[in-house]
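To start, the structure itself, in structure tokens.
The values are calculated or read from the model by the stated rules, or taken from the named source; none is laboratory data. Quick caveat, the model's predicted, so the values are computed rather than measured. Heads up, the Cβs are rebuilt from the backbone with ideal geometry, glycines too, and the neighbour counts pull from every protein chain shown.
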Amino acid sequence: MSDDLNATDGFVLTHTMLRIKDPVRSLEFYQQVLGFRLVTQLDFEEARFSLYFLQPRGHSDSADGSLDHTFSRMGLLELTHNWGTEADDTEMHSGNSAPKGFGHICIAVPDIQAACARFDTMGVQFQKRLGEGGMKEIAFILDPDGYWLEVVQPSLMDGVLAGNKV
């Protein structure tokens, strides 16, 4: 392998993709529950699928919806919907049961107690509530397809990860 790290200058992780069953319920969840906004939607008629690119509303770099901007910026969530799955028995695999693979995405919030209380009032399903388990300062919620979303308050993470730093 090459040790020339300069060759990777400009490489950017732009988005993470989750396959979804029903775009109406998933977009409602990510927009209403987590405050994301839809920045780009691409529909592929012949292949019968749609891509929805979302970004957190508080993101400092506002996406303009162009494909160049969509595929060159950091921090987007791509939801991929294969048309017709909302009406059939297709199930998404979160990666947290056998066979294990993908685990979760993480959302940082300024006040985790307030965020979790809000999730409760909205009827959001929890995988792990704040105060439970070994890492009591984090929570996990589930999106409509069962994907795990870790919820953290950055100012509390030093205490959570004490002794585990690289």
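What the table shows:
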| quantity | calculated |
| --- | --- |
| Residue 159 being of a type outside the set (Val, Ile, Thr), at pLDDT below 95 and within 27 Å of residue 20 (Cβ to Cβ) | no |
| Flag for residue 144 being part of a loop (DSSP other than H, G, I, E, B), within 20 Å of residue 77 (Cα to Cα) and either not assigned by TED's automatic domain parsing to the domain that holds residue 32 or not hydrophobic (A, V, I, L, M, F, W, C) (or both) | yes |
| Where residue 69 falls short, out of the listed (1) modelled with pLDDT of 90 or more; (2) within 30 Å of residue 42 (Cβ to Cβ); (3) not in a loop (DSSP other than H, G, I, E, B) | (1) |
| Residue count, region 42-66 (criterion: of a type in the set (Ser, Thr, Tyr) and modelled with pLDDT under 95) | 3 |
| Conditions (1) at pLDDT below 90; (2) outside the structural domain of residue 32 (by TED's automatic domain parsing); (3) among the small types (Gly, Ala, Ser); number of the one not met by residue 75 | (2) |
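Rundown of residues vs (1) of a type in the set (Asp, Glu); (2) in contact (Cβ under 8 Å) with a residue 12 or more places away in the chain; (3) part of a helix (DSSP H, G or I), yes/no style:
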{"residue": "78", "(1), (2), (3)": "yes, yes, no"}
{"residue": "81", "(1), (2), (3)": "no, yes, no"}
{"residue": "96", "(1), (2), (3)": "no, yes, no"}
{"residue": "101", "(1), (2), (3)": "no, no, no"}
{"residue": "106", "(1), (2), (3)": "no, yes, no"}
{"residue": "110", "(1), (2), (3)": "no, yes, no"}
{"residue": "124", "(1), (2), (3)": "no, yes, no"}
{"residue": "133", "(1), (2), (3)": "no, no, no"}
{"residue": "137", "(1), (2), (3)": "yes, yes, no"}
